[in-house]
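Novice: I'd like to ask some things about the structure below.
What follows is calculated from the coordinates using simple rules that are stated; it is not laboratory data. The structure presented is a predicted model; accordingly, all values stated were derived computationally and were not measured. Reconstructed Cβ throughout: ideal geometry from the backbone, glycine too, with neighbour counts over all protein chains shown.
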Amino acid sequence: MRAPDGRLWRMPAHLLDRILADPDGLSWAVLWREGQELVEVLVGDVLDLDLLREVPRPRPDLPVLALVPYRQIAERGFDVHDDGTPLRVLSATAYQRLSVDELVAALPQGTVEVDGERFSVSDDDYAATVERVIEEEIGQGEGANFVIRRDVVARTTADPATAALTWLRTLLVDERGAYWSFAVHTPGHTLVGATPERHVSVRDGRVWMNPISGTFRHPSDDPDGTELRESFSAFVKDTKETEELFMVVDEEMKMMAQICSHGGRIAGPYLKQMAHLTHTEYLLDGSSEADVRDVLRLTMFAPTVTGSPMENACTVIRRHEPTGRGYYSGVLALLDLDEEGGERLDAPILIRTAHVDDAGTVTVSAGATLVRHSDPRSEVAETAAKARGMLAALGLRPRRQLRYDVQLATLPGVAEDLAARNESLSPFWLAPQESRPDPELAGRRVLLVDAEDTWTQMLAHMVRHVGMVAEVRRWEQVDEADVLDEDLDLVLYGPGPGDPADQADERVVRLRDLLSARLEAGRPVLAVCLSHQVLADLAGLRIARLSPTNQGVQLPVDLWGTVRRIGFYNTFVARPPAGGVSVAGRPLEVAVHEPDDAVVGLRGPGVASIQGHAESVLSRDGLAALHSLIRHALLGR
């Protein structure tokens with residue numbers, strides 16, 4: 001808080017004193033946020049809600065803190081174990097700020113006894129789960145990556161609120177690079193942690209998201225930092241770590257495309273260096289008029305803790321995790337007001353966090369991102385490494401004793417290697433997205449059919465970029481009359497998970513019927529990924545499963561004489577025909593990627609398709625490829 005002359009007032013610590021005098025008798029939060037000079041202290045009333053839209057508006061100088069559990073994903077209609085964890089709001093009745101030094105000096109320093117530590121899932125069982133997810137989910141086309149968690153469970157006889165304040169002090173002293181360090185106590189639920197990752201922020205009509213992926217584990221026995229320096233450069237260049245980050249950026253850009261008028265821009269990559277781990281990250285930003293509650297709802301939850309595509313990731317999590325997640329992978333959401341009374345939002349992801357219940361059960365959850373070439377034992381080690389910082393604060397692991405200070409971002413070659421990652425990415429998402437209408441396409445209407453993957457939101461932004469009028473609708477909300485609407489110039493059938501030949505899948509059957517109706521009516525059609533495969537099946541091409549899959553890779557493909565670098569997320573492909581091929585009486589030209597023996601494009605009179613994702617950040621030539629396909633489908637050239 002500032003005085004009228006602009007000087008910073010020193011806030012009295014009496015609100016913190018109230019908490020310390022009766023930590024279990026009040027509901028409170030203590031927050032240190034990245035970029036803030038002062039720690040925020042809230043005391044308030046607790047309210048449990050059903051829906052995010054019910055989160056109350058903050059009052060001047062009295063913010064609202066929402067604890068959003070993972071089960072809230074049910075608001076979006078996605079699968080989830082309902083463990084009853086409440087959507088809880090702490091509405092501040094008192095709010096003050098104080099310095100970090102004041103806070104650290106005041107917090108308790110005693111030992112909190114914690115024992116009975118165990119993993120909820122053993123190393124061997126977790127490794128077996130990794131193998132199943134790779135084979136049965138990624139290998140069957142259910143998605144590109146999935147995050148499966150396991151928990152460290154222990155017990156304490158200490159008062160949960162006092163324990164949380166004690167552990168918060170340790171985190172403030174030992175940890176580095178956290179986006180938020182915090183302790184929150186409400187009846188039955190106490191949280192304490194140091195999370196590295198912002199999920200979403202809203203301020204002055206701008207939205208930011210901050211996907212973090214790729215994990216470098218600092219050597220545990222490295223007295224002068226030599227091993228750290230030598231091994232880090234290999235991490236920055238590692239293909240698996242790089243692809244993991246690109247995949248989550250793609251998934252969060254789908255969210256940005258839903259809430260931002262121009263879809264969002266990408267900046268980075270950057271490093272997030274902590275005491276035990278270093279991650280790579282990007283910053284996404286865009287403009288939005290959406291209410292902060294809608295932003296929260298539409299971005300539930302980060303792909304870095306769920307997977308992609310988001311809807312199917314939730315189904316996979318429910319299949320392979322035996323219990324609910326509680327608050328793990330949900331968010332804390334702080335709502336306050338700016339000087340003009342506009343609502344602001346800052347919401348970090350609830351990872352690197354301990355949850356303590358009234359019975360003294362302490363739970364620290366951690367997950368690994370599983371991709372097509374994950375090594376099960378390495379993923380086991382990653383979950384243990386991600387839990388280590390919080391477990392050290394609990395006294396269950398050695399505290400990090402830094403006898404050196406290596407700034408990894410300044411090591412020779414690191415900045416150049418990070419910057420080189422962007423050379424292969426789509427300029428459309430890296431640069432300002434100024435509309436460049438094609439005079440022959442401007443004003444034409446296109447319906448995009450969403451097949452349970454919000455790539456269609458990114459496609460819609462690219463279609464609008466060339467001047468078309470785009471509408472996105474879920475497959476269940478589209479019928480034959482819709483795709484035959486005389487006012488529609490083009491129907492773009494979108495991507496989705498699953499097997500394109502699965503006649504038991506209602507979504508695949510609907511796509512097949514909708515495509516057939518449009519084709520038989522002689523109307524222009526464009527099909528992407530899953531819909532491309534359905535189109536190929538209608539044309540009589542054989543559908544096969546790739547091994548290994550092309551989940552999250554960039555490939556140079558020859559599209560009828562022009563080589564385009566395109567991002568691919570597919571498990572199934574259409575095999576090239578032995579002779580001529582047609583669909584609904586329309587002869588088709590076939591583009592083949594010979595290394596995969598895969599049909600990557602089809603085109604004919606009023607019809608075009610592509611196996612890859614022109615809309616992906618991995619598609620360096622995506623906009624040009626999509627523009628060309630649209631022109632072919634509509635204009636024949």
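Novice: Give the peptides 606-617, 175-186 in descending order of average Cβ contacts within 10 Å, highest first.
Specialist: 606-617, 175-186
Novice: With a/c under 1.5 counting as rounded, go ahead and sort segment 426-635 into rounded, prolate or oblate using the C-alpha gyration tensor (a ≥ b ≥ c being the square roots of the eigenvalues; past the cut-off, prolate if a/b is larger than b/c, else oblate).
Specialist: In terms of gyration-tensor shape, rounded.
Novice: Under 8 Å for C-alpha pairs, at least 6 residues apart: give me the relative contact order for the chain, rounded to a whole percent.
Specialist: Relative contact order comes out at 14 percent.
Novice: Taking Cα atoms of the chain, Rg/Rh with Kirkwood Rh, to two decimals?
Specialist: Over the Cα atoms of the chain, Rg/Rh equals 0.99.
Novice: For the chain, what is the charge dipole size about the Cα centre, in debye to the nearest 20, if Lys and Arg each add +1 at the Cβ and Asp and Glu each add -1 at the Cβ? Don't skip to the end; give the middle numbers.
Specialist: Numbers: 66 positive and 98 negative charges, 168 e Å.
Approximately 800 debye in magnitude.
Novice: Let me ask another. What percent antiparallel are the DSSP beta bridges of segment 426-635, to the nearest 5?
Specialist: That works out to approximately 60 percent antiparallel.
Novice: Taking the Cα centre of segment 124-217 as origin and charging only Cβ (+1 Lys, Arg; -1 Asp, Glu), how large is the dipole, in debye to the nearest 20?
Specialist: 600
Novice: Right, next: Place +1 on the Cβ of every Lys and Arg and -1 on the Cβ of every Asp and Glu in segment 426-635, take the dipole about the Cα centre, and give the residue among ALA539, THR454, VAL617 whose Cα lies farthest towards its positive end.
Specialist: VAL617
Novice: Which listed residue (THR156, LEU332, PHE246) has the Cα farthest towards the positive end of the charge dipole for the chain, taking +1 on Lys and Arg C-beta and -1 on Asp and Glu C-beta about the Cα centre?
Specialist: Of the listed residues, the answer is PHE246.
Novice: Sticking with this structure for a sec: Using only Cα atoms and rounding to the nearest 10 degrees, what angle (0 to 90) does helix 239-259 make with the longest principal axis of the chain?
Specialist: Once rounded, the angle reads 80 degrees.
Novice: For segment 426-635, what is the charge dipole size about the Cα centre, in debye to the nearest 20, if Lys and Arg each add +1 at the Cβ and Asp and Glu each add -1 at the Cβ?
Specialist: Roughly 540 debye, rounded to the nearest 20.
Novice: Projected onto the charge dipole of the chain (+1 at Lys/Arg Cβ, -1 at Asp/Glu Cβ, origin at the Cα centre), which of SER378, GLY552, ALA234 gives the Cα projection farthest towards the positive end?
Specialist: Checked the options; the winner is ALA234.
Novice: Where a Cα-Cα gap under 12 Å defines reach, which aspartates and glutamates qualify for LYS386, not counting those fewer than 8 residues away within the same chain?
Specialist: Hits, sequence-local ones excluded: ASP151.
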